Amino acid sequence: MTRRFNVLVLLVVMLLIAAGSMVVVWAQHDDAEPVTILGTWTGEQEKQFKTLLDGFGIPYRYQGTAAQREVLLSKVQSGEPPDIVIMPGIGELAEYADQNRLKPLNGLYDPQEYGAPWKPTGTPSADVYWVPVKADLKSIVWYRQGDRPPGSAAPLRSWCIGMGDDGASGWPGTDWIEDLVLQREGAGVYEKWALGTGPTQWWRSDPVRTAWQAWAGLLRQNRQAAGHALLTDHRGGPDSHGLLFDGWGGCSLEHQGSFARSFYKSDATHARLTDSAPLLPGGGGRAGAHEVTGDFAALFSKRAQAQDLIRRLASREGQQKWAQQAGVFSANRRVKPRSGAVEHDIAVRLGAGPRCLDASDVMAPAVRDAFYEAVLQTIATVASGRKPDIPGLLQNVQRVQDARSAQRVDSRAAPKTVCSRQ
């Protein structure tokens with residue numbers, strides 16, 4: 001009996017050792033797996049980003065898609081989220097953080113290197129769930145070198161406009177509305193609207209309604225041009241050098257962020273920029289503030305390799321390489337942009353305030369999507385020759401905002417501020 005028992009114990013021990021070896025093998029296999037990254041950059045931007053990642057020496061697998069929200073949601077629901085996601089929508093990231101799906105980035109980078117409004121807000125002990133790894137300037141208008149526009153409101157025929165996007169059609173129109181609210185009403189009103197704070201029903205308020213009416217009035221100047229904008233991709237066609245250099249209908253101005261240079265390809269050297277404020281409907285004044293945006297990296301896993309990649313990407317050294325190799329801009333205050341007239345103009349505006357994050361990026365996804373839909377409905381109505389019911393459209397967005405408020409959603413991760421105070 002004793003001998004059999006000893007044999008049995010020996011077999012159990014051997015099985016446990018074998019099982020342990022398998023666990024070790026699987027752990028090593030997991031450690032050797034590439035870090036999975038989901039982002040929105042495709043084409044030339046994707047190539048530039050991969051060049052940066054190659055220099056880190058960390059195995060990775062990058063997927064770029066314009067339909068990022070749908071792809072990410074599918075991966076999360078299937079239990080296979082990427083290790084890292086990079087997106088502009090911090091309102092969406094806040095929802096994932098509140099669902100305890102994101103891992104804190106505390107200790108992976110120095111928040112003091114990042115200025116407002118990109119820098120996370122909250123108490124010093126609060127968890128941080130995202131870090132800006134790329135910054136872009138909005139509230140600007142691009143024009144072709146040697147064709148500088150006059151400092152007054154431009155007619156619709158001058159504007160190169162496209163609303164199309166693989167995953168979020170309509171967002172270029174929200175940029176127009178946001179910029180109009182910001183330039184007309186200032187950073188204080190803009191921030192309250194973006195955050196949905198206070199008792200005011202901001203979507204039905206005069207600041208938002210009059211900005212929307214001004215934009216719709218611009219569109220109504222040319223029904224055909226409005227229809228073309230509705231059906232046109234904001235990047236242009238497959239072989240395009242961007243809408244500005246396509247020049248459909250003789251257009252010569254594009255209300256687009258600093259990332260538009262990637263659409264212009266080799267013609268980017270012939271593109272120049274100016275503040276949007278004088279050229280917007282009812283314009284003529286100087287820029288009171290600039291809208292900005294960012295691409296924020298967040299972690300869905302605690303894998304050491306993924307944390308190390310975030311650490312390298314958010315560091316001053318990583319951000320400096322990114323800026324120098326690809327000509328992108330960083331929210332890291334210690335990073336110097338590449339030399340050049342356009343780079344200098346962008347850097348100055350990114351560094352001087354007040355600056356406000358893109359409002360739709362901050363909003364909860366349901367509100368943001370309703371915003372996109374209202375923009376598309378406005379253009380479609382104008383293109384059909386009818387006058388859009390702006391109060392009705394805004395009331396629909398307000399209902400979505402009210403429904404979310406009724407749920408008493410108290411997000412611990414959502415941004416508390418949108419604009420810098422500088």
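The values are calculated or read from the model by the stated rules, or taken from the named source; none is laboratory data. What you see is a predicted model, and the numbers here were worked out from it, not measured in a lab. All Cβ positions, even for glycine, are placed from backbone atoms using ideal geometry, and neighbour counts span all protein chains on display.
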Exercise. Going through the stretch 168-196 one residue at a time, which ones are over 20 Å from residue 141 (Cα atoms) and of a type in the set (Lys, Arg)?
Worked result: 192
For this session: Identify, by number, the condition in (1) assigned to a loop (DSSP other than H, G, I, E, B); (2) over 23 Å from residue 356 (Cβ atoms); (3) polar (S, T, N, Q) that residue 411 doesn't meet.
Result: (2)
Problem set entry | Residue list for the stretch 338-392, restricted to those being acidic (Asp, Glu) and more than 24 Å from residue 289 (Cα to Cα) | 369, 373, 389
Exercise. Can you name the residue in the stretch 313-340 that is of a type in the set (A, V, I, L, M, F, W, C) and without any contact (Cβ under 8 Å) to a residue 40 or more places away in the chain and, of all such residues, is nearest to residue 262 (Cα to Cα)?
Worked result: 323
Exercise. When the stretch 288-308 is examined, which residues are found to be within 20 Å of the chain's Cα centre (by Cα) and not hydroxyl-bearing (Ser, Thr, Tyr)?
Worked result: 289, 290, 291, 292, 294, 295, 296, 297, 298, 299, 300
Exercise. Among the residues of the stretch 281-322 satisfying the criterion of being touching a Pro at 6+ places or on another chain (Cβ under 6 Å) and not polar (S, T, N, Q), which is modelled with the lowest pLDDT?
Worked result: 284
For this session: Tell me, yes or no, whether the stretch 44-52 has at least one residue that is out of contact with any Leu (no Cβ under 7 Å at 6 or more places or on another chain), over 30 Å from residue 239 (Cβ atoms) and in contact (Cβ under 8 Å) with a residue 24 or more places away in the chain.
Result: no
Problem set entry | Set 340, 327: member being out of contact with any helix residue (DSSP H, G or I) (no Cβ under 6 Å at 6 or more places or on another chain), outside the structural domain of residue 194 (by TED's automatic domain parsing) and loosely packed, with under 14 Cβ neighbours inside 10 Å | 340
For this session: Check 285, 257, 242 and return the single one that is over 24 Å from the mean Cα position of the chain (by Cα) and closer than 25 Å to residue 155 by Cβ.
Result: 285
For this session: Tell me which residues, restricted to the stretch 349-373, are within 15 Å of residue 138 (Cα to Cα) and more than 14 Å from the chain's Cα centre (by Cα).
Result: 349, 350, 351, 352, 353, 354, 355
For this session: Go through the stretch 331-361 and count every residue that is part of a loop (DSSP other than H, G, I, E, B) and either more than 30 Å from residue 196 (Cα to Cα) or out of contact with any Pro (no Cβ under 8 Å at 6 or more places or on another chain) (or both).
Result: 11
Problem set entry | Filtered residues of the stretch 377-418 (kept if surrounded by 15 or more Cβ atoms within 10 Å (Cβ to Cβ) and more than 22 Å from residue 365 (Cα to Cα)) | 380, 381, 382, 383, 388
Exercise. Looking only at residues in the stretch 152-198 that are surrounded by fewer than 15 Cβ atoms within 10 Å (Cβ to Cβ) and more than 18 Å from the chain's Cα centre (by Cα), which one is nearest to residue 292 (Cα to Cα)?
Worked result: 188
For this session: Determine if the stretch 248-256 includes at least one residue that is surrounded by fewer than 18 Cβ atoms within 10 Å (Cβ to Cβ), among the aromatic types (Phe, Trp, Tyr) and either at pLDDT below 95 or assigned by TED's automatic domain parsing to the domain that holds residue 102 (or both).
Result: yes
For this session: Identify all residues within the stretch 261-307 that are closer than 30 Å to residue 95 by Cβ and touching a His at 6+ places or on another chain (Cβ under 9 Å); write none if there are none.
Result: 263
Problem set entry | Per-region count, the stretch 365-422, residues touching a Lys or Arg at 6+ places or on another chain (Cβ under 6 Å) and hydroxyl-bearing (Ser, Thr, Tyr) | 1
For this session: For residue 105, indicate whether it is in contact with a Leu (Cβ under 8 Å, 6 or more places away or on another chain), surrounded by 13 or more Cβ atoms within 10 Å (Cβ to Cβ), modelled with pLDDT of 90 or more and in a helix (DSSP H, G or I).
Result: no
Exercise. Considering only the stretch 258-280, how many residues are more than 19 Å from residue 150 (Cα to Cα) and surrounded by 21 or more Cβ atoms within 10 Å (Cβ to Cβ)?
Worked result: 5
For this session: Check 117, 132 and return the single one that is in a strand (DSSP E or B), surrounded by 15 or more Cβ atoms within 10 Å (Cβ to Cβ), on the phi < 0 side of the Ramachandran plot and not assigned by TED's automatic domain parsing to the domain that holds residue 225.
Result: 132
